Structures are given as structure tokens and as C-alpha cells.
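Structure first, then comments.
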Amino acid sequence: MKIQGKSASGGIAVARVRYVAKREPIKKLIVSDPDKEIQRFDIARNQAADQLAQLVISTRATLGEENSKLFEIHQMMLEDLDYLDAITSKLQEEKVCAEYAVQETAEEFVSMFAQLNDDYMKARAADIRDISERLLDILTDRISHVFDTNEPVIMAAEDFVPSQTARFDRSKVLGLITKGGSENSHTAIFARTMGIPAVIGLKESLTEVWDGQLAAVDGSTGEVILNPDEQETAEFQKRKQKELFQKNELETLRGKPTITKNGKTIKLYANIGCVADAAVAMENDAEGIGLFRSEFLYLESQDYPTEEVQFKAYKAVAETLAGRPVIIRTLDIGADKQAAYFDLEEEENPAMGMRAIRICLTRPEVFKTQLRAIYRASAYGRLMIMFPMITSLWELRKGKSIASQVREELRQEGIAYDSDLPIGIMIETPAAAVISDLLAQEADFFSLGTNDLTQYTLAVDRQNHSLEQFCDTHHDAVLRLIRITVENAHKNGIWAGICGELAADSELLKFFLEIGVDELSVAPSQVLGLRKKIVELNL
Amino acid sequence: MKTISYIITDELGIHARPAGMIAKLAKGYKSEIKIGTSNKMADASRVIGIMSLCMKQGDEIIVTVDGEDEGEAAEAISALLKDNL
């Protein structure tokens, strides 16, 4: 039997179905002691809050910061007075048991959200259901072992709440199918992040009868076949092979040089934003780190990170890269990235204000701490330093002179460092691009930060979404500045790369190679895909 | 009583996170703070209530602050709106 659902997460899965039945509805029970029920509910609520705090932490580790924010919203909803008042008033006035009060309140709020004239808000009904299920599990002592499985399965249900999906073991849960659901739901987003094929909206075709039967799921087309016959199984296996082949095709590029058909080699690096990303970059075979955003050290901290803390982070990345180059961008705080302890004055126009190298040159003691940490770590790998937001020659000179003071101090203290460590700059202001002939005489390399370069060249605030039509990232003005910068770099015998978002722009790839860009630095997950495009290119 | 009016520029409108931020902030003041549009107002300390207003990009939102710390509260709300929406 073949059923058409909606695609929510791509991929092929063939396995037995595990149908997770809906909880039996809770019957209305009138109690003699309502205070006792209020107390039971309060205990359950505290326990649920503790579980959510845990879930935020574990999800951050498995699915990333962005996805973990959902459970922060659950924490807030669990504290919402409308929700809590609705429950307590049922307990006090109707004298019902706590389970029933939660169930009824959940229904009221779910239908309230479902009626809203807005897809995003409609999907929030899942969040109400999620926190309510959590409370009910605690109140009824239901252990959620239904989701634990030792054999590969396709999980099926009316719908899964996000906190259930977040807990799935991806080596056992091969696919997800649901009766209802929305492709914008967090369950769908989590499935995509975890790489689990998912088909939703199977409606009434999907029932408890499916439990234990074999199903074939194509998450890309939304097709689900219950008890596939030989021919259908073969067809799905073929699709699975094709999928593997495409993945393997990228795999074959692992360890291969990034070279065009006509023999032009380019350095293909990755951008990272924390120590853990370094391993991901290596897994994806990045040839180096083109941009290590050091600001996470400052943003995650309540006070200036010490030299020791920074040294450990830089050393860990240097060692993980095992001799491949790592370009550390020095402190790039200010504008949209704020850390309270810097105590920066509020500005009318922060994008053009006290940020990045400007802070470093104004507060050399902060800068020195970072440079000392980088130089000390340079003894453990191949590090490079890159100054952000340069507009004038004197800034580069001043930065280099502080770096040389740091080297001198380390030398006197007898601490090891790489004395040939290159110092380059970001070209992300039109000023820097225009005087790149002068800067190239004193910098060891250039890296084009195309996001800021676009914003400053076109005078378009990239945080303002209403300006989208004016923010043409392929604007001739930006492309000309890139060309000038690369030409000036080569005239002076230094290399020039791109570490902004444009580096992964396949429409511009040919242009970049033609003008002689030496390095491209992209998100770790884009490395192999970009290598494939480059090796297929004939200039 | 203080009244703030603000046009939402964020493309997502007042979705769950900013709603949570507003509620958290409003809970911290003694003043009675209401938020909404010309049609419907909600208690700003209640996250679900704020979300159910479905306020979108381009909508004009109105915040009223009434109470002993209204000056301070209005300033804080105003800054939050400007920074996040």
C-alpha cells in the first residue's frame, strides 16, 4: 500500500514501524482535598522546570545552540501566568485532579493557538502540547521508555513533540512518520538537523495497525509504502544507493587536492567559531582554518578572558589542525556583538563605531593579552594573526608594533613562539580595498570579509531586512573592490582569500578563480561540496 | 501613564523569543504594562498572551505603562523593542 504524505526531511529508510500510541485520555476525577492537588501540581511543575533546564544543556550539545533555544521558550511557557492560572483555577474551583486540569488546559491553549491566523503561531500549539505532556508524564509517573529501542525502527505517531524528537537515537531511529505535523515544526527541523528521513501529514492512513510492519519511507518525495513488495523494496534500495552514491562522490574528494580541470590550485579552508568546530572542519577535510572567530571567548565570558583561557583554546585548535594553517581573527567585538563588561558607550551608529581593531588599539592591554595567548599557542601548530576592520595604514602598523612588543616580552621570558607567524588583515571596508596597494606592502596576506565589505560599500545595513532589495551582494562596486584587492596583493607578492559568505557563492566561483583568488574559506559542511564544484571547473 | 508606539521591523514579528523577553522584563516592574495593537491589548508579563496577538513586521504596537516605576519601565521596554524588533 502506497501513501503520499508531505516531505519533512530527505533520505530513504526501510524498517519496521514502531507506533507510539497516544496517551489514554484522563478521566475527570473530583477530589476531596483540592489543596493536595495544587501541591502535587506545584511539585510536578518544579520537576518539569528542572528537566527543561537539563534538556536545554543536552540539546545545545547535540543539536546546537539555535535548536536548544526552543526549550528556553518552553521554560518561559511553563512560567506563563495565563497557563498556570487556567490550571490552578480548575484545581480550586472545579476541584478536579491535577492530571485532568493539565489535560483540559492544554486542549484550550492548543485550540487557541491552532485558530490563530499565522502559520508560525499555529505551530506553537506543539509547544503547549510538549510542556503539558511533560507535566502529565510526571503526574502519571509514565516513564518515556516507549521511545527507547534496541533495533532499527521507523517511529510513527500522530505527532511527536520536539522534546521527543530531540531525544531520538539517530543510529536506531531510521525514519519518522506522522499523521499530522507541519514542515516548519521543530520536529521537522530537528529531523533535518539529525539527518533522519521524515514524512508527515499521512492523515488517517497511518494507524496503530502499522505497528511492527515493514515500511519504506522516502523523505524527499513524501512517499511511504506499507509492506512493500519485492519490486518496491528493490526500487527503494536503488534510491538509497543513489543517495549513498551522491554522498560517496563527495567522500571520494576527501584528501584530494582542490584543483580545477586546467590545473589551477586553490586553498580551501573552513570558518570556525569555537574550539569544537575545529574537529568538524577536519572531518570535512578543510585544508586549514581561514577564519577562526575569536570573539566567542569574549562573548561567552562574564569578564575579560584570561591569557591562559585563550591560550588553551588557540592551542587546542592548532593541535587539532595538525600542522594545517589556522588564521585567528583578533577580537571583533562591537556593533552587533556586545559583551557587557567591555562597558562600551552606547552609540547612535554602532556599525561605524567602536569595534574590532578600534577597541584593540584604544585598549592595548586587552589586545596584548590576546596576542600573547596566540603567540604562545603558535609553538603548537601553524597559526596566523588577522586584524579585522582595518581602514588605514597606521592601524596595521600600530597593531604590528604591539605584536612585536609581545614577541619581545615572550623572548625575554624565554617562552616559545613562532617567530615567522604571518600577520594579515581583513579587507572589509572600502577604504582598505582602495588602499590595498599600500597595505599589501606591509601585511602578509589579505582576507576579504565580504559581508561587511558589502554593507559599507553599498551603505546598506545588513541587519535591516526591509533593505533586502538594495543589498545586492553581486553589485559591481563590491566585485570591483574584490578584484582591485586581489590584484594589489599579487603585485606585492602576498596572497588574498575570501572568508565572507560570498566565498561559497557558486555563481561567483568562476569569477573568483579568474581574478586569481588564492583561498576560499567556508562553513565546514560546505568544504567538500565546494571542492566538487572547483574540480569540475575548466577556466 | 506612559504610552510607547513602535513599528515592528523584524521580519519574523513578535515570535516566541522576543515575546519571552518582553514578559520577563515586564515581570520585573511594579507598573501595569500592557502591549498590543489598536484592536487588542494583552498583559505584557504573559508570554502566551503576547504571542497570541500575532504581531507582524510593519504592525504598529502600542505599549502602555502605568504605575510608580513607569518612567524606568517605559524606557526599558522601549530599548528592548528597538534592539530586538
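Each reported figure results from applying straightforward, stated rules to the coordinates on display, with no laboratory input. Not measured: the values here are computed from a predicted model. Virtual Cβ from ideal backbone geometry, glycine too; neighbours counted across all protein chains shown.
A full extension of the chain between residue A:249 and residue A:94 corresponds to an added length of 49.4 nm, given 0.36 nm per residue minus the alpha carbon distance. The mean number of Cβ atoms from other chains found within 10 Å of a Cβ in peptide A:164-173 is 0, as a whole number.
Can you pull the percent of Cα pairs in the stretch A:202-268 with separation above 20 Å? For the stretch A:202-268, the share of Cα pairs beyond 20 Å comes to 53 percent. Annotation for the stretch A:28-106 versus the stretch B:19-85: alpha-carbon center distance of 24 Å.
Quick check on chain A: helices-only [θ] at 222 nm, where DSSP H runs of length 4 and up contribute -39,500 (n - 2.57) each and the sum goes over total residues. Nearest 500, please.
Numbers: 21 runs with 244 residues, N = 539.
It comes out at -14000 deg cm²/dmol, rounded to the nearest 500.
Fewest-first ordering of A:252, A:105, B:64 by other beta carbons within 10 Å of each residue's beta carbon gives A:252, B:64, A:105. Over chain A, Cα pairs under 8 Å with separation of 6+ residues give a relative contact order of 14 percent. The overall shape of the stretch A:346-426 is prolate: from the C-alpha gyration tensor, with semi-axes ordered a ≥ b ≥ c, the ratio a/c is 1.5 or greater and a/b exceeds b/c. Considering every Cα-Cα pair within the stretch B:2-84, what fraction, in whole percent, is farther apart than 18 Å? Counting pairs separated by more than 18 Å, the tail of P(r) holds 30 percent.
The rule of thumb for compact globular proteins, 2.2 N^0.38 Å, goes into the C-alpha radius of gyration of the stretch A:44-199 1.05 times. Between A:448, A:399, A:341, the Cα set farthest toward the positive side of the dipole of the stretch A:335-451 (charges on each charged residue's Cβ, about the Cα centre) is that of A:399.
Here are some pairs, A:69/A:337; A:179/B:82; A:69/B:82; A:6/A:238; A:337/A:532; which of them have Cα atoms lying more than 29 Å apart in this structure? Violating the 29 Å limit, Cα to Cα: A:179/B:82; A:337/A:532.
Packing here is the average count of other Cβ atoms within 10 Å per residue, and on that basis the peptides A:67-79, A:45-57, highest first, run A:67-79, A:45-57.
Can you bin the stretch A:267-535 into rounded, prolate or oblate? Criterion: square roots of the alpha carbon gyration tensor eigenvalues sorted a ≥ b ≥ c, rounded for a/c under 1.5, prolate for a/b above b/c, oblate for the rest. Rounded is the answer for the stretch A:267-535, as its axis ratio a/c remains below 1.5. Of the residues A:163, A:404, A:220, the one with the fewest other Cβ atoms within 10 Å heads the list, and the complete ranking is A:404, A:220, A:163. According to the square roots a ≥ b ≥ c of the eigenvalues of the Cα gyration tensor, what is the shape class of chain A, taking rounded for a/c under 1.5, prolate for a/b larger than b/c otherwise, and oblate for the remainder? Prolate is the answer for chain A, as a/c is 1.5 or above and a/b outweighs b/c.
What size of dipole, in debye to the nearest 20, comes out for chain A about its Cα centre when the only charges are +1 on Lys and Arg C-beta atoms and -1 on Asp and Glu C-beta atoms?
1920 debye
The distance separating the Cα centre of the stretch A:187-234 from that of the stretch A:330-370 comes to 51 Å. Simple rule: put +1 on each Lys or Arg Cβ and -1 on each Asp or Glu Cβ in the protein assembly as shown, find the dipole, and look at A:291, A:306, A:364; the Cα lying farthest toward the positive end is A:291.
Listed by Cβ neighbour count within 10 Å, with the fewest neighbours leading, A:435, B:77 appear as A:435, B:77.
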